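The values are calculated or read from the model by the stated rules, or taken from the named source; none is laboratory data. Everything numeric here is computed off the predicted structure, so don't read it as measured data. When we count neighbours, we look across all protein chains shown, and the Cβ atoms used for this are built from the backbone with ideal geometry, even at glycine. Note: accessible area is taken over every heavy atom of the protein model, side chains too, but ligands, DNA and RNA are not part of it. Shrake-Rupley method; radii C 1.70, N 1.55, O 1.52, S 1.80 Å.
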Amino acid sequence: SRDAMDIEGLGPAVVEQLMEAGLIHSAADLFDLSIEQLTCLERFGEKSAQNLVDAIQKAKEQDLSKLLYALGIRLNGQRSSKLLAKAFGDMDTLMAQSIEDLIAIHEIGEKTAANVFDYFENPHNIELIERLKAAGVNMIHKEEEGTSSVLSGKKFVVTGSFDDISRSDLTALIEKHGGSAAGSVSKKTGIVLAGEDAGSKLVKAQQLGITILSEDEFRSMLE
């Protein structure tokens, strides 16, 4: 998906086509695909085949957090994937952790920790990781440029629409600067970042007396 390995041109229809042709049986097989194999398929010309192979190769450079999310570990979402990647730094170190070590990470709950631990205890999953390593997929967390802790400890809810940026990109910006984002407003919410047509979340924030910011005010906070 776009929030995971973000391989442009690899939608569900293409995945199904590759599986029906016997070219892939697991995610690791994607990284062995060649232009010659793809051009034998319906609707694949040389240019579209080259574009897909290039997109797959580019995906190898994604951060460890993106890979962790892409693995589809039950209850492990984008936020927990980022927390785990940042806490342990690389895949091998993460795989060596106990459930207690995982729970010790702030915001990682017992069920998520248990699912992550169980995932890396499964020989089939270990084999997948080893194949991805061999294909050259990045297994290390890389700190993004421009990160800071200016929003550390602040809990946001993003609602409404914004002119030049999506809600998911705003959430990524919040997390990049040390904050956290939730999907619903509660007493624990610190700030609601509200755009046009914010709706019921804005109303609830007003009722609870929660700080409400516009996009411009939010960007001023970052500065």
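Taking region 162-171 as the range and being under 12 Å from residue 215 (Cβ atoms), touching a strand residue (DSSP E or B) at 6+ places or on another chain (Cβ under 9 Å) and surrounded by 12 or more Cβ atoms within 10 Å (Cβ to Cβ) as the test, the residues that pass are 162, 167, 170.
Exactly one residue among 55, 104, 27 is modelled with pLDDT under 95 and of a type in the set (Gly, Ala, Ser), and that residue is 104. Close Cβ contacts (under 6 Å, 6 or more residues apart or on different chains) running from residues in region 166-183 that are under 10 Å from residue 154 (Cα atoms) to residues that are charged (D, E, K, R) comprise 179/154; 180/155.
If you check 55, 70, 4, 28 for being among the aliphatic types (A, V, I, L, M), within 30 Å of residue 177 (Cβ to Cβ) and in contact with a Lys or Arg (Cβ under 7 Å, 6 or more places away or on another chain), only one passes: 4.
Listed here are the helices (runs of 4 or more DSSP H) enclosed by region 86-128 that have at least 2 residues being open to solvent by less than 40 Å² (accessible area, probe 1.4 Å): 91-95, 110-121.
For residue 201, are the conditions met, namely being open to solvent by 40 Å² or more (accessible area, probe 1.4 Å), in contact with a Lys or Arg (Cβ under 7 Å, 6 or more places away or on another chain) and closer than 24 Å to residue 77 by Cβ? No, not satisfied. As for region 135-156, it holds no residue that is in contact (Cβ under 8 Å) with a residue 24 or more places away in the chain, among the basic types (Lys, Arg) and either assigned to a helix (DSSP H, G or I) or open to solvent by less than 70 Å² (accessible area, probe 1.4 Å) (or both).
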